[in-house]
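Read through the structure below, which is laid out as structure tokens, and then see the notes.
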Amino acid sequence: MTGKIRIRFAGKTAALALVLLCLCSYVSTPLPAEMRENIDHSELFAIGDSPIIKGNSAVAKKKAISRALMKGVEDYIIYRLGSQAVIDNFDRITREIIPDAKEEIENFHILAEDRIGRKYKVFVKLRVNEEAIEKRLREVSLVFTKGPQVKVLFLVSETRAGIPSYWWKDAEAFSSLTPTELAFHKAFQDRGLNPVNRTMSQPETEYFSVLTSPDPQEEDALKWGRFFSADVVVYGKSEIDDQEEVSISLKVLDVNHAVRVCRESHVERIKQSKKDTENIIETLQRVASRLAATLCRCVRETADQSGGIHSIEITLAGMNGYKQFRIFRDFLRKDVIGVKAVVPSRINADSVSVTVEFKGDRNGFIPRVLNHSRLPFPLRLSQAEEGKVVLNIE
């Protein structure tokens with residue numbers, strides 16, 4: 001009897017172990033790629049709870065649902081951006097995304113609810129509007145479109161104790177970025193734009209000797225922008241009162257179209273809980289981040305709406321080999337703002353012709369190419385007619 005019992009028990013144990021082994025194998029085996037792609041990430045599950053105050057279960061249930069919905073949206077944002085991006089942009093996500101995120105919930109259903117002691121708990125299934133959230137993330141530049149980044153030059157003076165300091169007064173003397181420049185470089189870079197490091201390519205002093213006003217006019221700012229091959233120039237003033245506040249006022253110019261596209265200003269008091277230098281830098285960073293939230297959206301909208309789609313045939317002449325064409329083609333695709341397509345049309349012994357589709361200013365396109373800071377080799381415009389140009393490699 002004892003032996004039979006042991007045999008049956010061992011058999012059940014073996015069967016149970018086999019089932020568990022199968023389950024573990026199933027869980028640990030990754031889903032096929034096509035199944036992972038078909039997972040509906042817009043459908044989420046979350047648990048929310050709320051204390052019951054003065055016996056009012058209805059209010060507690062409403063708050064528990066609200067918290068569950070917020071958890072669900074937060075989980076989706078973490079999935080969409082990735083944990084590292086959430087860490088890097090946590091302050092912006094909590095200020096610019098989370099407060100209004102619940103508005104992007106399409107629907108929800110309560111799957112279970114229970115009252116446990118003095119708490120009300122609910123388990124909900126919700127669906128978010130992925131398109132609306134994606135649009136919102138793009139508006140605050142937390143996700144970026146592919147293609148060349150918009151180049152931004154900063155002409156922002158920094159005034160402390162009533163004395164203005166600005167790099168374009170003597171570009172060679174100001175060989176490092178000011179605290180204001182550093183703050184704006186980080187803020188704009190975090191939002192997917194490409195700040196120009198003006199310390200890497202100093203201008204010719206004689207040529208720009210007349211452009212040294214602490215308060216540059218639009219035409220002066222545009223000249224600086226063209227020199228650095230920038231797409232936009234952000235110019236204005238940063239006034240720092242070491243004991244009181246930071247005040248920054250900025251304007252944005254579209255270099256390619258020579259027009260002002262937006263302006264913004266912000267004032268913030270300096271916290272006095274730390275050393276003066278730390279307070280000022282932290283305040284500058286906060287002001288720069290808040291201004292960038294508006295200005296970067298304006299810059300991106302300008303880049304997206306700057307004219308219709310045009311095409312031009314460019315012939316690259318005087319080539320030593322096909323490699324030069326590939327380098328030039330990649331330069332057009334990756335570095336020139338507005339280029340949508342580069343399609344070869346004719347190939348000869350020492351030249352290649354391509355049709356370039358681009359968005360923006362038709363008349364300013366070739367000058368933008370020839371004056372670009374990343375032009376891979378010197379080019380000379382040798383022939384131009386309606387819709388066609390010939391560029392010679394020098």
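Every number here is computed from the coordinates shown, using simple stated rules; none is lab data. Everything quoted here is computed from the prediction, not taken from an experiment. Neighbour counts run over all protein chains shown; Cβ positions are idealised from the backbone, glycine included.
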The FRET efficiency for residue 217 and residue 355, from their Cβ-Cβ distance with R0 = 41 Å and rounded to 0.05, is 0.60
What distance in nm separates the two pseudo spin-label positions at residue 125 and residue 380, each 7 Å out from Cα along the beta-carbon direction?
7.2 nm
How would you order 175-185, 117-127 from highest to lowest mean count of nearby Cβ atoms within 10 Å?
175-185, 117-127
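From the square roots a ≥ b ≥ c of the eigenvalues of the alpha-carbon gyration tensor of the stretch 236-367, which class results: rounded (a/c under 1.5), prolate (a/b over b/c), or oblate?
Details: a/c = 4.50, a/b = 2.73, b/c = 1.65.
Cα axes put the stretch 236-367 in the prolate bin.
R0 = 56 Å: FRET efficiency of residue 107 with residue 241, Cβ-based, nearest 0.05?
Once the sixth-power term is evaluated, E becomes 0.65.
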Residue exposure sequence - 277, 315 - by fewest surrounding Cβ within 10 Å:
277, 315
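What FRET efficiency, computed as 1/(1 + (r/R0)^6) with R0 = 22 Å and r the Cβ-Cβ distance, is obtained for residue 326 and residue 370, rounded to the nearest 0.05?
Values: r = 19 Å, r/R0 = 0.88.
About 0.70, to the nearest 0.05.
Need one word for the stretch 309-393: rounded, prolate or oblate. Basis is the Cα gyration tensor (sqrt eigenvalues a ≥ b ≥ c); a/c below 1.5 gives rounded, then a/b vs b/c decides. Walk me through the intermediate numbers first.
On the way: a/c = 1.42, a/b = 1.30, b/c = 1.09.
Here the stretch 309-393 falls in the rounded category.
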Measure out, as a whole number of angstrom, how far apart the alpha-carbon centroids of the stretch 213-261 and the stretch 46-84 sit.
44 Å
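What does the extension gain come out to for residue 392 and residue 90, with contour length at 0.36 nm per residue minus their alpha carbon separation?
Length difference between fully extended and current span is 103.8 nm.
What order, most packed first, do the peptides 350-356, 323-329 have when packing is the mean number of other Cβ atoms within 10 Å of each residue? Mind dumping the intermediate values first?
On the way: 350-356: 17.9, 323-329: 15.1.
Going by the mean number of other Cβ atoms within 10 Å, highest first, we get 350-356, 323-329.
Assign one of three labels to the stretch 39-139, namely rounded, prolate or oblate, based on the Cα gyration tensor with a ≥ b ≥ c the square roots of its eigenvalues; rounded applies when a/c is under 1.5, prolate when it is not and a/b is larger than b/c, and oblate otherwise. Working shown, then result.
Details: a/c = 2.42, a/b = 1.87, b/c = 1.30.
The shape class here is prolate.
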